[in-house]
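What follows is calculated from the coordinates using simple rules that are stated; it is not laboratory data. Fair warning: this is a prediction, and the values are worked out from it, not measured in the lab. So basically every Cβ, Gly included, is an ideal-geometry build from the backbone, and we count neighbours across all protein chains shown.
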Amino acid sequence: MIQLFRNLTKKDILLIICVIILVVFSVFLDLRTPEYMSEITKLVQTEDSTIQEILNAGGHMLLCATGSLVCTICVGFFTSLLSARFSRSIRRKIFAKVEDFGIAEIKKFSTNSLITRTTNDVTQIEMLLAMGLQMLIKSPVMAVWALMKILGKSGELSIVTGVGVIIIVVTNLLIIKTVTPRFAKIQALTDKINGVTRENITGIRVVHAFNAESFEEQRFKEVNEDISNTHLKVTKTFAMMDPTMNFVMHFQHLGIYVVGAYIIARSGMMDKITTFSNMVVFASYGMQVIISFLLLTMIFMILPRARVSANRINEVLNEEVSIHSGGFKGQTKEQGTIEFKNVSFKYPDADEYLLKNISFRVNQGETIAFIGSTGSGKSTLINLVPRLYDATDGEVFVDGVNVKEYDLKELNNRIGYIPQTAVMFTGSVEYNVSYGDNGKEKPTLEKVKEAIQVAQGTDFVEKMDKSYQAHIARGGTNISGGQKQRLSIARAIARDPEIYIFDDSFSALDYQTDAKLRKELKKYTKNSTIMIVAQRIGTIMTADKIVVLDKGECVGFGTHQELLKNCKIYQEIALSQLSEEELQNA
């Protein structure tokens, strides 16, 4: 937790200093009140005292109470401001860190866990600062200060107060030891319940189609009961605190008066007044000590969970990013070239290589396609170009420069990437197509229209309400899969990159639209290099070069006609989709 609080800014530290000063002054005023009570007690029992003297002491008590109230209000304001500022800063840092994560880091934490850490875990820290900071400062200051004021006045009454303090401390330590591991379990279960809920909402159409509502309800019920039962155990444990505190408070109050009565009974007349006055002060200070530990108890209810949350946040902030940006931003001797030199790849912690010794070169304006059975490594191979992963062995070059040497923004500006699953963001059609920063001027509406036209999306976009300003829901749930793919392709076209990467990006299109799109794309991108992953022979047969992958190895390389003659696996794929006559006439 200390590591997390190193993220405090100078303004935050200044706010904490103000809170400490105000809390100490508030405690000073609170502890002055019993002294005025003692003075009033003596004045009432003294024959020559006047009403004015009693009123003066009462006025001082009222001023102390008012001053303490003002300080408490200011402390509440400053701690709320501090907690809001700090949580905003931490959320921003978590988000920025996750933005730098590669796919490997995302898989390590999981999406559900990252959402929980950015929201629920940060909220726990915010609650600790908002509610706990003033208690954490006030409680020990008040307890120590109050004990110092009473310890030298009466040994018997000090023992009564000490016994109460020991009982409270032991109880709190036992409870903390019991609940801390349960709080870690609660946060893990929160990740799980987020995952189940997110899965159900994302796949709601499949759930309905397969009548799996009962199954999903049962899954949610099990996770929900787990987290509820753990919460109940924690709540039951904390429930012991309240009766314990009440018992100690009343026991101490009663003990002070019983012991005080015994002391008064054996004292002389003049000592009785002093003893009674001390007893009133002891009762007040003893109450302050118990209140201090009650405040600490409230902190102990927040602190264990906040500590677990802080550790989870630190895990994200301290995670070593696997993809590091290089420093190259200059001009290159080559344009639009891609080269793989003896590239092999395996996932972190995997035993076997997914790609083995892949080598090829593509020049500017050429189209290279990749085909093979499911799991052969096609998507993984092209993901090495934009550095979604880094090659385990060998080198990948773009424009003659190793991709690891590029500044990541510079590398991405050279590439138009269309992922296997089309991603749409909440906003308009124009917003989605002109999305991102390509190192140039943001695409104009005319450029957006041109890109959509090349992607064969003009017809359906102009029929939508508000046309290019039509609303696209999160994930593109209000448009079809084919429409999402075409807008995703248009987004890459609008960037005018040197290199296009299509990761099975035509799969949701019908054959006619696919053919039209590739024809227009070939005209528009004649000076650009294109990489295509596809399952359809019809999509790749016009490519300049085709790479056939099987179990991570290159088993065929050449044009469509060449591979039909000399690559058995390509022949099998081709014949499974087209007749011999269609293949010969292609």
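Here are a few things to note about the model shown:
- Summing +1 for each Lys or Arg and -1 for each Asp or Glu among the other residues whose beta-carbon sits under 15 angstrom from that of LEU69 gives +1.
- Modelled FRET efficiency - R0 41 Å, TYR431 with ASP390, Cβ distances, 0.05 increments: 0.85
- Couplings 3J(HN,Hα) of region 453-470, computed from phi: 5, 4, 7, 6, x, 4, 4, 6, 5, 6, 8, 6, 5, 6, 6, 6, 9, 4 Hz, in residue order, whole Hz [Karplus 6.51 cos²θ - 1.76 cosθ + 1.60, θ = phi - 60°; x for Gly and Pro].
- Amide H contacts under 5 Å for GLY558, placed H, 5+ residues apart: ILE546
- Qualifying trypsin sites (Lys or Arg not before Pro) in region 331-430, DSSP loop, other Cβ atoms within 10 Å at most 13: LYS333
- When you filter the trypsin sites (Lys or Arg not before Pro) in region 434-463 for DSSP loop state and at most 10 other Cβ atoms inside 10 Å of their Cβ, you are left with LYS440.
- Per-pair calculated FRET efficiency, R0 = 41 Å: THR180 and ILE54 via Cβ, rounded to 0.05: 0.20
- Debye intensity ratio I(q)/I(0), log10, region 328-441, q values 0.16 Å⁻¹ (C-alpha model): -0.86
- Packing-based order for 451-457, 513-519, using average beta carbon neighbours within 10 Å, highest first: 451-457, 513-519
- Gained length - ASN229 relative to LYS42, 0.36 nm times residue gap less alpha-carbon distance: 61.7 nm
- Charge tally in the Cβ shell below 12 Å around GLU53, where Lys, Arg are +1 and Asp, Glu are -1, GLU53 excluded: -1
- C-alpha long axis of helix 155-202 to longest principal axis of the chain, angle in °: 20
- Given R0 = 25 Å, the distance between the Cβ atoms of GLN3 and ILE106 translates into a calculated FRET efficiency of 0.65.
- Residues whose amide H lies under 5 Å from that of GLY375, counting only those 5 or more places away or on a different chain, are absent; hydrogens are built 1.01 Å from N in the peptide plane.
- Against the compact-protein benchmark of 2.2 N^0.38 Å, the Cα-based radius of gyration of region 4-317 scales to 1.34.
- Rg then Dmax, both in Å and based on the Cα atoms of region 157-266: 24.7, 88.
- Placing +1 on the Cβ of every Lys and Arg and -1 on the Cβ of every Asp and Glu, with nothing else charged, gives the chain a dipole about its Cα centre of roughly 740 debye.
- Label point distance in nm, GLU446-ILE201, each placed 7 Å from Cα along Cα→Cβ: 4.2
- Residues listed by number, region 175-214, amide nitrogen under 12 Å from ASN311 label point at 7 Å toward C-beta: 180-188
- For the chain, the fraction of C-alpha pairs more than 33 angstrom apart is 62%.
- Along region 419-434 the Karplus relation, 6.51 cos²θ - 1.76 cosθ + 1.60 evaluated at θ = phi - 60°, assigns HN-Hα couplings of x, 4, 9, 5, 10, 10, 10, 5, x, 8, 4, 4, 4, 5, 6, 8 Hz to successive residues, with x for each Gly and Pro.
- Theoretical gain in end-to-end length, VAL258 to SER576 [0.36 nm per residue, Cα-Cα removed]: 104.7 nm
- Cα-based reach from LYS440 at 20 Å (exclusive), listing lysines while leaving out same-chain residues under 8 positions away: LYS329, LYS409, LYS449
- Within the chain, the longest run free of GluC sites (Glu not before Pro) that sit in a DSSP loop with at most 10 other Cβ atoms within 10 Å is 48-319.
- Around the Cα centre of region 4-317, unit charges on the Cβ atoms of Lys, Arg, Asp and Glu (plus for the first two, minus for the last two) sum to a dipole of about 1060 debye.
- Within-15-Å neighbourhood charge of GLU352 [Cβ basis; K, R +1; D, E -1]: -2
- DSSP-assigned coil residues among chymotrypsin sites (Phe, Trp or Tyr not before Pro) in region 191-229, each with at most 14 further Cβ atoms within 10 Å: PHE210
- In this rough spin-label picture, where each label sits 7 Å from Cα along the Cβ direction, the ALA84-PHE557 distance is 6.2 nm.
- Legend: distances between Cα atoms for LYS107/LYS341; LYS442/LYS516; LYS404/LYS516; pairs beyond 31 Å are LYS404/LYS516.
- Straightening the chain between LYS11 and PHE28 buys 3.5 nm, computed as 0.36 nm per residue apart minus the Cα-Cα spacing.
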